[in-house]
Structure formats: C-alpha cells, structure tokens
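Enquirer: Once you've had a glance at the structure underneath, I'll fire off some questions.
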Amino acid sequence: MAIARSEGSETTGGTAAYRWATWLFGFSVAQPVLVLLGWTLGIPILRGLGNPHYSIMPLASVLFFLVALGGLLAHREKRTAARIVIGVALALLSLQAFHYLAHFDLGLERLLFYRQVIELNVLNKGVPGTGAISMLMLDCAAMLLITSDAPLPRTWAALIASTGIGLTALTATMMLVEAPTQISPSFIGRSITTAIPNFALATAILLHVLHGRERREIGFEYRLFRRLSPAIIALPVFPSLLALVLVRDGGLGLNEAQFMVVACNILIVSLLLIVGLRGARQQNDVVRLRGEQLRAILAGVPDAVVVIDREGLVTDFSQAAAALWLVPAGAQGCNMGSYLGERERTKLMALVGREQPEFLLTGEGVRTNGTRFPLELRGAKFKGIDGGTCFTLFARDLSEKLAAEKHVAKLSAQLAHVSRHNAMGELAADLAHELNQPLTAAINYLSAVGYLLGQQGDAGKAPEMVSQARGQVTRAGEIIRRMRDFAQHREVRKHLEPLRPMIDDAIQLVRAGSDSLDVEVELAIEPAEVAVFVDRIQVQQVMVNLLRNAVEAIRSAGQAGGRIVIAAHPIAGDWVEVEFRDDGPGVPETILDQLFERFTSTKAGAGMGIGLSISRRIVEAHGGTMRAANGEDGGATFCFTLPGALHAAH
Ligand code: ADP
C-alpha cells in the first residue's frame, strides 16, 4: 500500500507502476506453470514450490494459472480473452463449490496426476480447500472487475486485492512464527514460499488499479479507497485471530474456520464499502451541486468567463463568453488557443504551462467566424475537483473601451481647439480695447501736427508724410476694431442637438481628465429627449467648465464623495434651462459679484479665471443668459438657458 505518489511525476510514476504490475502478473502466471512442470517431470522441489516435503495440488495450480492469466490479459487490455479465461476458471471453481456444498464428488481431481496425488497423500486429495476456492473466486471477481473502465468496479477490485494481501500476510506470519498450522488456510498452502504468488497477484491488481493509466478517472472512489485502505487491510486480521482462538479451543473445525474467516472478511469489507460509498456519494452530490452552482453562475454572470485546464482545454464557458466568441451552445472541449491570435496563443500556453498564479494578457481574440477583436484576459490559477490545475479567464472585449477612448480624444481635440479660439478671442478683444485709446490719441496728434505744418507754409514733404502716417495708424485701428468685432461676434454654427448626449460627452471628458472621479453625477433631464439649437462644441465647453469647477470645488473642500446634479427642463418661450448643482463649499462670497469677469479666480496659480467669462460669452452668443448662486444648504448652482428646438425653424 505504500505506493507513494509524488506530485508532478504522475506520468512516469504511472508507467513504472504499470510495468511493475505487468511483471507481477507475469510472475503469478509463471509459478503454477513451474508447479505443474514439477508434477509432470516428478521434480519435488518444483511441485512444492521450493519445499520438497510438500506438494501443491495440481488442480489448485491450474485454477491459479487461469486466474493469473486472466489478470495479465485484463491488464494488457485484452478484455474479451481475459473474460473467457476467467469464465473457464469460474466454471471449474463453481463445480468445486458444488462438490463441497452438495457433498457430491465430481471426480475432478482424478483428471490431474491422480495416482501421484494419492501416493503423495496431498491434502484433500488434490482438491482445493474451501478457503482456496473462496479466495480464487474472489480473485476471479477482481479480474473481471478490472476488465471494466468504470471507477467503481475498479475500486472493488482493489478492495478484494487488499483483502487478499491482508489475509495472506496474516497466514504467512502465522506460519513464520509457527502458530498452529491447521488454521493456515490451504489457499496459501503449507509453505511460506506459496504465499509469494498470492502476494504478487494481489499487489499486481492493486498497482494496476491505483497507478494504471486510467488513474485520473478514478476520482472519488480512488480517494475513498485510499482513505479506507488501512482499515481494509487491518480489519480482516481480526476474524483470522478469532478463528485461530476458536480452532485452538476446539470449538471450530478447520473447514468452518476457513469459511468463517472469508465470510467475515467479505462482511467487513462490504460494511466498510457501504459506509465509505455513502460518504463518497454525499461528496459526489456536493460536487455535483457545486458544479451546477458553477454552471448557474457562469450562465448568469454578465462577464465573459472561461475555465480551462493545464493543457488549455476549455472546460466551461459563461454565456457572455460564448456570446463574445460566438461559440454555439454546448460546443466545449476546444482549445482556448483557437479563440486567440497567434501571439496571444503562444503567450497563454507559456503562462498556463508554467502555472502562473495570476496573469494579464492583452491582444487579439478570434471569434468562431474568424473576425478579430481587441481582448483583455485576466487569468487566475485554481485547483480543480480532480486535483489538477485549472485557470479561470476573465475576458473583456476592449472594442468599446478603445472606441470610447478615441471618441474622448476627438472631443478633447475639438474642445482644445475651441478653447484656444475663445481664449484668442478674449485676448484680441482685450488688445483691441487697450490699443484703441493710444491709437486714437496718435491719430489726433498726427492730425494736429499736419494742421501745424500747414500753417507754417512750405514744410517740404513733411505734411504728406504725416498724412500718410495718420492713414496707416487709422488703418491699424480699423484692423483692430474688426478683429474685436470678429472675436465678439464669432460665428456660431448652430444645429438642433439632443441635450442628453452632449451632457454625457461632457461627463466623459471630465472623467477622462481626472484620475479617479469619485464624484457622483446625477441627471434629471425632463423630457429625456429634449433638444437644443446650439453650437454643440461651444456649449459642451460651457458644460465641461462648469463640471470641472464643481469637481475641483468638491475636492478642494476635502469632501470624500460629492454629488453633482445636472437638471434640464424647457421654460417659456422655447428655451431650455440647464442647471449644474453641486454639494461643494459654494462660490466664495467675495467673488460672487464679479464671478463672470475675466481673471476672477480663487485657484492661486492653478486657474486663469477666464472659464466662467468665456462660458457666459458662449451662452450669450446663443441668446441665452447665465447666472450663479449659492444654495441655502451650501453648494453652488450655475444656471443657463439655451434656445429650444423651435428656434431652428426661424
Ligand atoms: P478658474 O476655474 O480658472 O479659476 P473660472 O472662471 O472657471 O476660473 O472660475 C472662477 C472662480 O469661481 C473659481 O476660481 C472658483 O473660486 C469659483 N467657482 C467656480 N465654480 C465654482 C463652484 N462650483 N463652486 C465653488 N466655486 C466655484
């Protein structure tokens, strides 16, 4: 039973055990051949298998030969041949059992070396004893059981084999310590060497079952057997000891004692099995339930989850994963590699092969129809039900994320452009305003100089030059005035736009711009599909300004959460009123009056103080108004109006 299994060397261990089992089966077949050779050639040492003073019964040897041969054939997967050979052995054994039960001598023993048997006075006149018959019948059962691939019959075979080992060990020990020989059941004969074939055969069965190639399939019964094996080996010793005592005290005859030992052993093993199997069944139920739970979770989970084994074979697909890869229902057992691009396939196989506990893989996924999509795979290792390594893969289709990022980048670029344009406009307006006075003064001075020169008579070319200078300065003034007009009345490209997507885009932009926007944004747009007649990008800039200001105000107050409500509803005269309300600290009272003037800012160094001024300018360019107020229970509210859908018609 001390067949250690080292983790990781399963394949080599299995092959070695398989080879050992072959050798042991072969040895078990060879030894009755030697005995029969001893009978044929009249060689006592062969006849007694090493003990020249004792002869092993020829019929028992034939039966043992058939059983061992059946075992070897079953082990080598010659199942039909094995069943035929064991069938013959069972038929002969049944005849023997009939002999004992019906007290009717069929004369089988007369077929084999009968004259020599009588001369040598072999026990039972060459007919195997009841103990041997029972034992050989059990061996037959074990051999038939290992012709099956199902785990349960194979476990039974192992149980029978271990009972055989236990009993043989007991009787062999009794012979070694020279306990009363009449209890040594005749199934192992009268010599310690005859115990060896029994050992060999039982061990071969055990090796075949426990470490055969089908070991992985054995599962629970295998583990159950591992747990029960010490009891299975130890407990049958007690009936033997009891029988020993009863025979010694004269209460029981040899035959009854042998029957008792075998019957008790079968009873004990059966009881152990019933108890153990019930436990295994419960465990199986638990596992089945867990499996069902897992399947239910996988069916319901909104994420794409795939479970694969160490070889990369898919064992489970969540419904979302099946939908992602367009895998038809029930199509499982495919290699995960076939759902990935070439590079990702190699990477995944490497990660899975070296049993990486956790990993993140990004690359390309390949759907069953051949289309490709950007994919992120997060893998985590776990131990499966059969003890093997498995991986859960959480898959994410990055198409939407990449598209959203592209969208945000485009919006940002548009906004930055408008921002620059607006800032330039502001600057131009300021310059125009500031330069207008000195230019007017210069024109006046030049007019005066021209007048004075005209009074003084001939002054050469000077009056003309002054006149030209005046002309140039007047032109410069005109240019600047036009520039200011243009900046102030920048052409607004208005379209009818639904309000909600504009707000969504603005929120997305602010989110993209801040590392972690832990501020909750609530929308209250009534009706949801309300549209406005505006220059979308300009108005979005207003919204982004207001949102950023609100977020910064909430953050500056060191508030943990924070909430911004964006409400919109139509008002009289086909206007839509939009309101940005936050629960930050509110606008400082000191700047509330000049809030919309340029360069009003409380953000030392961080703000320019032109955001609100530009925002109001934009709203006014649309014909709307903008105002700000502080709420009674704190927080700032910015309110502006935009032209409604009917404006588009005019
Ligand atoms: P900037 O943000 O560059 O300072 P703005 O014109 O956008 O310029 O804002 C001017 C000032 O108004 C800010 O510095 C800030 O003090 C105040 N402010 C704007 N929005 C809010 C708000 N939601 N809560 C409190 N104060 C605000």
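The values are calculated or read from the model by the stated rules, or taken from the named source; none is laboratory data. Everything numeric here is computed off the predicted structure, so don't read it as measured data. Cβ coordinates were reconstructed from backbone atoms using ideal geometry, including for glycine residues, and neighbour counts include every protein chain displayed. All accessible areas refer to the heavy atoms of the entire protein, side chains included, with ligands and DNA or RNA removed. Shrake-Rupley method; radii C 1.70, N 1.55, O 1.52, S 1.80 Å.
Enquirer: Hey, can you grab everything whose amide H is under 5 Å from the amide H of residue 364? Only 5+ residues off in sequence or another chain; H modelled, so Pro and N-termini drop out.
Expert: 341, 344, 375
Enquirer: Additional query: If you count only protein heavy atoms and use a 1.4 Å probe, how large is the accessible surface of residue 464, to the nearest 10 Å²?
Expert: It works out to around 110 Å².
Enquirer: Could you tell me what a quarter of the Cα convex hull surface of the range 278-378 works out to, in nm² with one decimal place?
Expert: On the way: hull surface 28.8 nm².
Reported value for the Cα convex hull: 7.2 nm².
Enquirer: So what does residue 494 come to for accessible area, using a 1.4 Å probe and Å² rounded to 10?
Expert: Surface accessible to solvent at residue 494 totals approximately 70 Å².
Enquirer: I'd like to check one number: the per residue accessible area of the range 370-410, probe 1.4 Å, reported in Å² as a whole number.
Expert: Computed with neighbouring chains in place, this is 58 Å² per residue.
Enquirer: First select every other residue whose beta carbon is under 13 angstrom from the beta carbon of residue 25; then total the charges, Lys and Arg +1, Asp and Glu -1.
Expert: +1
Enquirer: Name the residues whose placed amide hydrogens come within less than 5 Å of the amide hydrogen of residue 631, ignoring near sequence neighbours (fewer than 5 apart) on the same chain.
Expert: Correct list: 636, 637.
Enquirer: With no solvent and one point on each alpha carbon, what is the Debye value of log10 I(q)/I(0) for the range 13-59 at q = 0.15, 0.16, 0.19, 0.32 Å⁻¹?
Expert: Treating every Cα as an identical point scatterer, log10 I(q)/I(0) equals -0.46, -0.49, -0.59, -1.04.
Enquirer: Based on the alpha-carbon set only, what is the convex hull volume of the range 20-128 divided per residue, in Å³? Could you put the intermediate results ahead of the total?
Expert: Values: hull volume 10.8 nm³, N = 109.
Output value, Cα hull per residue: 99 Å³.
Enquirer: Simple spin-label model, 7 Å along Cα-to-Cβ: residue 231 to residue 83 in nm?
Expert: Reported label-point gap for residue 231 and residue 83 is 3.3 nm.
Enquirer: When only DSSP loop residues count, what trypsin sites (Lys or Arg not before Pro) in the range 49-111 have their Cβ near at most 16 other Cβ atoms within 10 Å? Working shown, then result.
Expert: Numbers: sites: 76, 78, 79, 83, 110; in loops: 76, 78.
Answer in residue order: 76, 78.
Enquirer: Let me ask something else. At a 1.4 Å probe radius, which order do 140, 334 fall into by accessible area, largest first?
Expert: Values: 140 0, 334 60 Å².
These residues rank, largest area first, as 334, 140.
Enquirer: How big is the accessible area of residue 256 in square angstrom, nearest 10, if you roll a 1.4 angstrom probe over the protein chains?
Expert: Roll a 1.4 Å probe over it and residue 256 shows about 100 Å².
Enquirer: Per residue, how much accessible area does the range 515-650 have with a 1.4 Å probe, in Å²? Walk me through the numbers before you get to the answer.
Expert: Values: 6600 Å² over 136 residues.
It amounts to 49 Å² per residue over the range 515-650.
Enquirer: Residue by residue, what Karplus-based ³J(HN,Hα) values in Hz, rounded to whole numbers, does the range 54-60 have, using 6.51, -1.76 and 1.60 with θ = phi - 60° and x for Gly and Pro?
Expert: Rounded to whole hertz, the list is 9, 10, 7, 4, x, 5, 4.
Enquirer: For the peptides 545-553, 293-301, what is the packing order when you average, over each peptide's residues, the other Cβ atoms within 10 Å and list the highest mean first?
Expert: Working: 545-553: 22.4, 293-301: 12.8.
The densest-packed peptide leads the list: 545-553, 293-301.
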